[in-house]
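Structure first, commentary second.
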Amino acid sequence: MRRLSVLPAFAGVVLGLACNDVTHPSNPAQFSKQIAFTDLQAILGQLPANGAARVKIELPMSGVIAREVKVKDPEEVNENERVESRITGLVVNTAGDQGTLTLEPGLHVTFTADTKFEAGEAALTFQQFVDRVNAALAQNPKVLLPLEAKRAPTSPLVLGPSDPLPAAKLELAAGVGGPEIEINITSANLIAAGSGDCQASLSSSLKGCVKVVGLTIGIDATTELEAMLPGVVETRFEGLVDCPTLNVTSAHEGSFALVGQNTRIEISVATKIESESGEDEQLADLNAVKAACSASPPQNVRAEGEGVPGMTAGTLQATEVEFELEEQAQAAEVEFTGAIGAINPPMLTVGGRTVVTDAATEIERDGMRLGLVDLHVGDTVDVKGTLQSDGSVLAREIRLKS
């Protein structure tokens, strides 16, 4: 019922803004409308007492001035809230059953033993997750693991501005393009310029701020502030571009599928192709994607964005998309000796570092082959392997010292 109660006020304000846009009547179909900070205040001010608006906030790799703040369709209020960034800190309580993560540039996420933990396709236990994060942060320099945290906004519908996100699921991701937040807000999340910690020191063109997950985020003249038009409900997509399916008509028109998926993603002149983050790996348009796919050997291109159902079945019309080269980093060889602190097959902790074993790992003592079951906490071992992106070591050899 909350979803229905949010719709009339929100849609009315956005529809009024859309109807005022008569400067380009011949433009292709539009999905969103540029708004001012005062419009955002009006949208949130007209929400019912138990209502909320869903926003998507994108931040640059560093800094707290938003690249984009988008007010989503009211139907998305009950979808999972999401925070995506890199882990810079971890604190676990003395009982060892609750933890708090700090993510760039100051976002906070909490988790418990009931949280679901994943790394790629593999499920992790509470302790395995903690061990991986601690091992990465213990590296010199620190390895900041990309993370996606999710929460179902059932109770409460809206978190307080200073509340951390209580994660129902934490996933160590392959990478992130920059901090991104999808969360419910109300007027309580807005801060007027010059009030509290929303000061001109953040930006000389500051319009106001929004505070979520414990972080005050500035909105200034460089921020793209927009609201989706009524009825436009977006679906997220993310994955590697399946190069054989890529069809490029022009730099901003074409289509492709993602590896392992059948849905065809269509790019048109109405699609916003993100290219303002300044990352070297970012690709500016479809011609750049085509060049990457045509390279020898072909380069992996990750596509991430949002879209709405296309005109034909099995298609998704992208409203925005970001293309980024996914580098195949050369794995660093490591070799070290330490005592086994914990064993959680197929992982173990050696000298405070997380070691991962697989079917190719050779475990031996004095030339005799052993299994992981033959190792015990307190044993001293030599480990040879490759350093993974999450800071763990994929073991090639483990030698039990006599």
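The values are calculated or read from the model by the stated rules, or taken from the named source; none is laboratory data. As the structure is a computational prediction, the values presented were derived from the model and not from experiment. Positions of Cβ are generated from backbone atoms using ideal geometry, with glycine treated the same way; all protein chains shown enter the neighbour counts.
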The stretch 371-402, subset of a type in the set (Ser, Thr, Tyr) and surrounded by 14 or more Cβ atoms within 10 Å (Cβ to Cβ), residue farthest from GLY338 (Cα to Cα): SER389
Could you please tell me which pairs satisfy a Cβ distance under 6 Å, a separation of 6+ or placement on different chains, a first residue in the stretch 244-259 that is part of a strand (DSSP E or B), and a second residue that is at pLDDT 95 or above and of a type in the set (A, V, I, L, M)? VAL248/LEU286; GLY254/VAL248; GLY254/ILE267; GLY254/LEU286; PHE256/LEU246; PHE256/ILE265
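Would you pick out the residues in the stretch 50-78 that are out of contact with any helix residue (DSSP H, G or I) (no Cβ under 7 Å at 6 or more places or on another chain), in a loop (DSSP other than H, G, I, E, B) and buried (at least 20 other Cβ atoms within 10 Å of the Cβ)?
Once the filter is applied, which keeps residues that are out of contact with any helix residue (DSSP H, G or I) (no Cβ under 7 Å at 6 or more places or on another chain), in a loop (DSSP other than H, G, I, E, B) and buried (at least 20 other Cβ atoms within 10 Å of the Cβ), the stretch 50-78 yields LEU59, ALA66, LYS72, ASP73.
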Go through the stretch 227-264 and give me each residue that's over 20 Å from the mean Cα position of the chain (by Cα) and either of a type in the set (A, V, I, L, M) or closer than 30 Å to PRO105 by Cα (or both). ALA227, MET228, LEU229, VAL232, LEU246, VAL248, ALA251, ALA257
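What are the residues in the stretch 125-147 that are of a type in the set (A, V, I, L, M, F, W, C) and touching a residue at least 40 places away in the same chain (Cβ under 8 Å), if any? Steps first, please.
The first filter runs over the stretch 125-147 and keeps only residues of a type in the set (A, V, I, L, M, F, W, C), leaving 126, 129-130, 133, 135-138, 143-145, 147.
PHE129, VAL130, VAL133, ALA135, ALA136, LEU137, ALA138, VAL143, LEU144, LEU145, LEU147 - these are the residues of the stretch 125-147 that are of a type in the set (A, V, I, L, M, F, W, C) and touching a residue at least 40 places away in the same chain (Cβ under 8 Å).
In this structure, does GLU226 turn out to be acidic (Asp, Glu), closer than 21 Å to LEU59 by Cα, part of a strand (DSSP E or B) and at pLDDT 90 or above?
Values: acidic (Asp, Glu): yes; closer than 21 Å to LEU59 by Cα: yes; part of a strand (DSSP E or B): yes; at pLDDT 90 or above: yes.
So GLU226 fits the description; yes.
Only one residue in ASP379, ASP366, ASP358 is charged (D, E, K, R) and on the phi > 0 side of the Ramachandran plot. Which one?
Values: ASP379 fails: on the phi > 0 side of the Ramachandran plot; ASP358 fails: on the phi > 0 side of the Ramachandran plot.
Within the list ASP379, ASP366, ASP358, the selection yields ASP366.
Would you check which residues across the stretch 215-234 are touching a Gly at 6+ places or on another chain (Cβ under 7 Å) and under 15 Å from ASN184 (Cα atoms) and list them?
Of all residues in the stretch 215-234, those touching a Gly at 6+ places or on another chain (Cβ under 7 Å) come to 215, 219, 234.
Answer for the stretch 215-234, where residues must be touching a Gly at 6+ places or on another chain (Cβ under 7 Å) and under 15 Å from ASN184 (Cα atoms): just LEU215.
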Among (1) in the same structural domain as GLY310 (by TED's automatic domain parsing); (2) in contact (Cβ under 8 Å) with a residue 60 or more places away in the chain, there is one condition ARG264 misses while meeting the rest; what is its number? (2)
Test for ALA359: is it at pLDDT below 90, of a type outside the set (Ser, Thr, Tyr), in a loop (DSSP other than H, G, I, E, B) and out of contact with any His (no Cβ under 7 Å at 6 or more places or on another chain): yes
When residues of the stretch 111-155 are limited to those that are under 30 Å from ALA52 (Cβ atoms) and among the acidic types (Asp, Glu), the one surrounded by the most Cβ atoms within 10 Å (Cβ to Cβ): GLU148
